[in-house]
Amino acid sequence: MAVKSRAGDYTSRQIQVLKGLEAVRKRPGMYIGSTSARGLHHLVYEVVDNSIDEAMAGHCASIRVVIRPGDIISVDDDGRGIPVDMHPTEGVPGVELAMTTLHAGGKFDKTSYKVSGGLHGVGVSVVNALSEWLEVEVRRGGRRYHQRYERGIRTTDLTDLGAANDRGTLVTFKPDPEVFTELDFSFDRLSARLRELAFLNKGLEIVLRDERTDEEVEHVYRYDGGLAEFVTWLRGSRSPVHENVIYFDTARPEAEIELAMQYDDGFSENIHTFVNNINTHEGGTHLTGFRAALTRTINDYARRNRIFKKDENLSGDDVREGLTCVLSVKVMEPQFEGQTKTKLGNSEVRGAVETAVNEHLSAFLEENPRSAKALIEKSLQAARARMAARKARDLARKKSGLEGGVLPGKLADCSIADPALSEIYLVEGDSAGGSAKQGRDRSFQAILPLKGKILNVEKARIDKILSNDEIRAMVTAIGAGIREDFDIEKARYHKIIIMTDADVDGAHIRTLLLTFFFRQMRELIDRGYVYIAQPPLYRVHKGKTERYVYSDAERDQEVSRLSNGKDGKGISVQRYKGLGEMNPDQLWKTTMDPDARTILRVTVESAAEADRIFSRLMGDEVEPRRRFIEENARYVRNLDV
Ligand code: 0RA
């Protein structure tokens, strides 16, 4: 089937296509966020999103993602297939239009209110523009069609390849090395998001297959229990306070609402909210509605059933302690607000969620009095601890001041006052702390040495957390408060750099610190303020040349470079076991000088995944923690540079 259209239309459309492509290729970051690993993986999500839309409209049951050798991805679904008939005004087949026109994205029918969009939703044409090549195959109406594009430009007409006995859309693409700095797809990264999508779309099967190695790996995700299974998975090894996950799924005019929740004996609050499958890290109206309903419903029930002693009352924080919850809403026209555009703004959703949660949660409590009693008892314990914490905090405030006022004695602060330009190094140990203090540029670098292991916040209540000296020093130095008092605008540094030894203890301390930030000062991570320093592992030295290297492979390379094909005479290799072995000047040159150093920014792509990892790591089970710490190198690679 050849594309025929009137010459005039064709030309003006071609100009439009080329302009669109040029815009995307010139500023890829504007469309997919970045051209590093993050943006690379985003391409896959963009393509998968289209198949998910088809699934949400009720026409697709299975999506298959394959990582192929040569940095190639294919995404296949069993939906209706992208339309192939000629578009009435544009003069090209619908599929070509979707692949080459910005924002067309293939979403022609807006009849169902289960449309996705928002954060991604830039459309598959962006993926096409940023791919060295992309091929689409549509199976529809008993025929199989194919078209190829290079860097967004069609190189073949849409061609009928013959009979087909099924339906669906297969998109295969190779990201353009001229655009991306990173081309290596991470199975773990894709798997985390695809599993999340499977939880969020009850009954949908998502397959991820890796064909890059001899032993082929294939994961199949399908959860008929939807969010209820998500919560069970998130809870992991934490012990539940009541047996059954509280769950409901309801369609209202304002939104389709699905919720699952369960209390466990931990202390953290693990609430994940989604709008049209997008994680709303910054919350919004749906979360506000949920919180209001949760506090009210539980208090009402407890009062009605005389579970409270005279004037007891539970605060929002009390009823959220130890709660694992996933709330997913699907909205026709979501308005995303906030710093990272992950905050739902639609005001009508608040009331809809509040009413639905009131209704279903009170029904659950009435029908399950034993569970009700257990979870209220858990909240009452939280209330008592909070009271004790308040006393401790007031005392602490008087003594040393958690917010404002006196900075910790061992902090060597920087001299400039602009947080955007200031950084603080959290350094393992007093001796490395001393070197860092001498080596730093004191105008913009502050140093806070931390002694030994910091408290494991995963296992401690807020009162204990606040009475820990190392934590108090960090909180005061950062200056933005903690938890419900946390105010990012007060942060005194926009770079908080964790600097620990490159050994198992260092990895453990780093994990403890990350857990602390994730649980107590989450916004620091969301804003991209938290970093990990990368001290060198070796110093390779011969005559006047010296090189600092950061891996064993780099060391071997450097050694063979310096031996120049001759012998290895005169080459010395020094292994740094800890930061303390470097003198101040070396520490500056290798790890702290902004012109020379590498620091890894900590990002959380899947908050759910991070949540589970942290609770497994830092919870009661020793084995997962030991394994994790030994495999820590793998973890650091998951961080974005
Ligand atoms: C719009 C209309 C129709 C299908 C699709 C979009 C569609 C797009 C994608 C992208 C990936 N997979 C997809 N599957 C379907 C068809 C409408 C109809 O048949 O009536």
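Of note:
- Protection proxy ranking, peptides 133-143, 298-308, average beta carbon neighbours within 10 Å, highest first: 133-143, 298-308
- By the count of neighbouring beta-carbon atoms within 10 Å, fewest first, V48, V217 end up ordered V217, V48.
- Residue order, fewest to most surrounding Cβ atoms within 10 angstrom, among S443, S34: S443, S34
- Mean separation of Cα contacts under 8 Å (6+ apart) over length of the chain, as relative contact order %: 10
- The value of relative contact order for segment 180-245, using C-alpha pairs under 8 Å at least six residues apart, is 27 percent.
- Residue (of A432, T285, Q520) at the positive-pole extreme of the chain, dipole from beta-carbon charges: A432
- Under 5 Å, built H, 5+ apart or other chain: amide partners of A502: L579
- Three-way shape call for segment 29-73 based on the alpha-carbon gyration tensor, with the a/c threshold at 1.5: oblate
- For segment 268-302 versus segment 540-558, the spacing of their alpha-carbon centroids is 52 Å.
- Taken as Cα centroids, segment 158-181 and segment 441-470 sit 51 Å apart, rounded to the nearest whole angstrom.
- Considering only the chain, percent of DSSP beta bridges that pair antiparallel, nearest 5: 70
- Anisotropy class assigned to segment 205-305 is prolate, per the alpha carbon gyration tensor with a/c at or over the 1.5 cut-off and a/b larger than b/c.
- Given charges at beta-carbon only (K, R positive; D, E negative), |dipole| of the chain in Debye: 1640
- Using the Cβ-Cβ distance between A596 and E333 with R0 = 35 Å, the FRET efficiency computed as 1/(1 + (r/R0)^6) comes to roughly 0.10.
- Sorting 408-421, 228-241 by average packing, meaning the other beta carbons within 10 Å per residue, from highest down gives 228-241, 408-421.
- Cross-link pairs beyond the 20 Å C-alpha cut-off, checked among K542/K589; K437/K490; K437/K589: K437/K490
- Share, in percent, of DSSP beta bridges within segment 398-502 that are antiparallel, nearest 5: 10
- Gyration tensor verdict on the chain (Cα atoms; rounded if a/c is under 1.5, prolate if a/b is larger than b/c, oblate otherwise): oblate
No lab work stands behind these numbers, since they all come straight from the coordinates. Remember, predicted model here, so these are calculated numbers, not experimental data. Glycine also receives a Cβ, built like all others from the backbone with ideal geometry; neighbour counts cover every protein chain displayed.
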